[in-house]
Amino acid sequence: MIEYFAIFMGVALFVLMIPVVYRIGAGPTPFDRMLAVNVIGTKTAVLLVIIGTLFDRVDMFVDFAIAYALLNFVSAIVVSRYLNRTISLDEMEAKENAKKIKS
Amino acid sequence: MSLDQTMFIPVLAESLQTTSSPTPLQFFGILLGLLGLFFFVGTAVGMIRFPDFYTRMHAAGKGDTLSTMLMLSGFGLVSMEDLSMGSWLLFFKIMGVVLFIFITCPTSSHALMRAAFEDDEMPMTEKDLKKPSAKKK
Amino acid sequence: MGKFFSFGVAPNEKCLFLCNLIFLFTLYLLVVFILLFLNWIVLSGKFDAFHLGLGVVSCVVVTWLSQDLLFYDRKMGFVERTRQVFAFLRYIPWIIWEVVKANLHVLKLATTSKGYEEISPRVVTFKTILKTDFAKFVLANSITLTPGTITMLIRGKVFHVHTMSQFLEDDLLTGSIEKKVAEVFEPDVLP
């Protein structure tokens, strides 16, 4: 019973991931792609626990799930830091002042 | 699923032969997992249907948090076959993952949102939304 | 006893004040150590002397190296801190119920065509009354998890929030979430 439930959950998760993968391919902005990768990453942590239940080694696979969740979070933060052109508050004020002077 | 289909995974075939009825705790876990799947449908459909990045972020940031939490805690209950020390430790470990995801999922979505906003990706307003739908009709 | 725990400065009791400071410092170190050690036990899952000894050594090293870990305001008294912890525990069921409501809202918007026409995205800006960074972090995460709103940008005290539907703004602008967070972390800010 438990094994059938785990197989069902895995297959259903896999099917529901297909629209998210579509968003990786078709996303107009890089942020869309990164968002979809983030969603898939958290769902992979769940899939690892499901695989653990199937093989009766949940105690081992939970560690992988922890590592994967950590890595996913760090990668999301790093990519968002890499993609944005961060402007500090002082620079922003300088920009606004320059605009005022021009007008 | 017949045995022939599972022959390529021998371990799986063995575990499928010894099926037992679930305890009440495991039944509750199964219910939680199905509920999580139900909420993940909202995320998956929203990722396709919503019009721009910020609205997609609503679907991803919220649906992802709750569905992952529900599914993981459901599997944490499913893996508790007996109330021994080891299974309690396993349960607490999985609850640790749940807590971690509960904290980090909104944070990472906020970081992505901020990156997009500072990259001059303007959010859609109501007027932009009405235009393409009017063309379709 | 209550006077001993709370952080009150009386001019005649300099000795008591110093004792209080040292007591609070060691208490915080002890609490950080116990939390780290519980984490170690849950993650390792072994109870022989070798593994527990390794855990004690590494937890002591981490506690010693990162002294300002986990708690920012170390001058806060014992009574105040326990009140905060219990207020936070009461806050958790409310936020979980909000998350469920938010998911039902997203599900309605995504799957039904009637809900899809309700979408009217816009950006709302408001100013908070909260002061500390941690309270702002909790407020931003709570806003993200409540139905129809996501925090976009925090600049100082100004929050930019992206909302999904029209009627959800009122909840933000009257500040009911803010009050909930302020009750937990900064009760002195509330009017």
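From the set of residues in segment C:95-109 that are in contact with a Ser or Thr (Cβ under 7 Å, 6 or more places away or on another chain) and β-branched (Val, Ile, Thr), which is farthest from B:PHE40 (Cα to Cα)? If we take residues in segment C:95-109 being in contact with a Ser or Thr (Cβ under 7 Å, 6 or more places away or on another chain) and β-branched (Val, Ile, Thr), then C:ILE95 is farthest from B:PHE40 (Cα to Cα). Can you find a residue that is at pLDDT 85 or above, more than 15 Å from B:GLY61 (Cα to Cα) and among the aromatic types (Phe, Trp, Tyr) anywhere in segment C:151-170? No, because not a single residue in segment C:151-170 is at pLDDT 85 or above, more than 15 Å from B:GLY61 (Cα to Cα) and among the aromatic types (Phe, Trp, Tyr).
To keep it simple, each residue is scored yes or no on (1) crowded, with 24+ Cβ neighbours inside 10 Å; (2) among the β-branched types (Val, Ile, Thr); (3) facing chain A (nearest Cβ under 8 Å).
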| position | (1), (2), (3) |
| --- | --- |
| B:THR55 | no, yes, no |
| B:GLY74 | yes, no, no |
| B:GLY96 | no, no, yes |
| B:SER108 | yes, no, yes |
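The number of residues in segment C:91-147 being among the small types (Gly, Ala, Ser) and touching a Lys or Arg at 6+ places or on another chain (Cβ under 9 Å) comes to 4. A residue that is over 20 Å from B:ILE48 (Cβ atoms), within 7 Å of chain B (Cβ to nearest Cβ) and surrounded by fewer than 21 Cβ atoms within 10 Å (Cβ to Cβ) occurs somewhere in segment A:56-64.
Among the residues of segment A:15-51, those that are free of Cβ contacts under 8 Å to residues at least 12 places away in the same chain and not β-branched (Val, Ile, Thr) comprise A:LEU16, A:PRO19, A:TYR22, A:GLY25, A:ALA26, A:GLY27, A:PRO28, A:ASP32, A:ARG33.
Filtering segment C:103-116 to residues that are more than 8 Å from chain B (Cβ to nearest Cβ) and either under 19 Å from C:ILE177 (Cα atoms) or among the aliphatic types (A, V, I, L, M) (or both) leaves C:LEU104, C:HIS105. Quick check: anything in segment A:25-41 within 30 Å of B:PHE91 (Cβ to Cβ) and of a type in the set (Asp, Glu)? No, because not a single residue in segment A:25-41 is within 30 Å of B:PHE91 (Cβ to Cβ) and of a type in the set (Asp, Glu).
Scanning segment A:1-25 for residues that are under 24 Å from B:PRO123 (Cα atoms) and at the interface with chain B (Cβ under 9 Å from one of its Cβ atoms) gives A:PRO19, A:VAL20, A:TYR22, A:ARG23.
Applying the criterion of being without any contact (Cβ under 8 Å) to a residue 40 or more places away in the chain and hydroxyl-bearing (Ser, Thr, Tyr) to the residues of segment B:57-72, the residue that is surrounded by the most Cβ atoms within 10 Å (Cβ to Cβ) is B:SER67. Being farther than 19 Å from B:LEU77 by Cβ, of a type outside the set (Asp, Glu) and at pLDDT 85 or above holds for only one residue in A:ALA76, A:ALA94, A:ALA45, and it is A:ALA76. Go through segment B:34-55 and report how many residues are over 14 Å from C:GLY148 (Cβ atoms) and either part of a helix (DSSP H, G or I) or touching a strand residue (DSSP E or B) at 6+ places or on another chain (Cβ under 9 Å) (or both). Count: 15. Within this structure, C:ILE119 fails the test of being surrounded by 14 or more Cβ atoms within 10 Å (Cβ to Cβ) and away from chain B (no Cβ under 14 Å). Report yes if B:SER87 is surrounded by fewer than 20 Cβ atoms within 10 Å (Cβ to Cβ) and not charged (D, E, K, R), otherwise no. Against the criterion (surrounded by fewer than 20 Cβ atoms within 10 Å (Cβ to Cβ) and not charged (D, E, K, R)), B:SER87 qualifies. The set of residues in segment B:29-52 being farther than 21 Å from B:GLY76 by Cβ and more than 8 Å from chain C (Cβ to nearest Cβ) consists of B:ALA44, B:MET47, B:ILE48.
Considering only residues that are of a type in the set (S, T, N, Q) and surrounded by 15 or more Cβ atoms within 10 Å (Cβ to Cβ), which ones fall in segment C:82-110? Scanning segment C:82-110 gives C:GLN84, C:ASN103. In the condition set (1) within 14 Å of another protein chain (Cβ to nearest Cβ); (2) in contact with a helix residue (DSSP H, G or I) (Cβ under 8 Å, 6 or more places away or on another chain); (3) touching a residue at least 24 places away in the same chain (Cβ under 8 Å); (4) of a type in the set (Ser, Thr, Tyr), C:THR125 is compliant with all but (2).
The values are calculated or read from the model by the stated rules, or taken from the named source; none is laboratory data. Here the structure is a predicted model, which means the values were calculated and not measured. Glycine also receives a Cβ, built like all others from the backbone with ideal geometry; neighbour counts cover every protein chain displayed.
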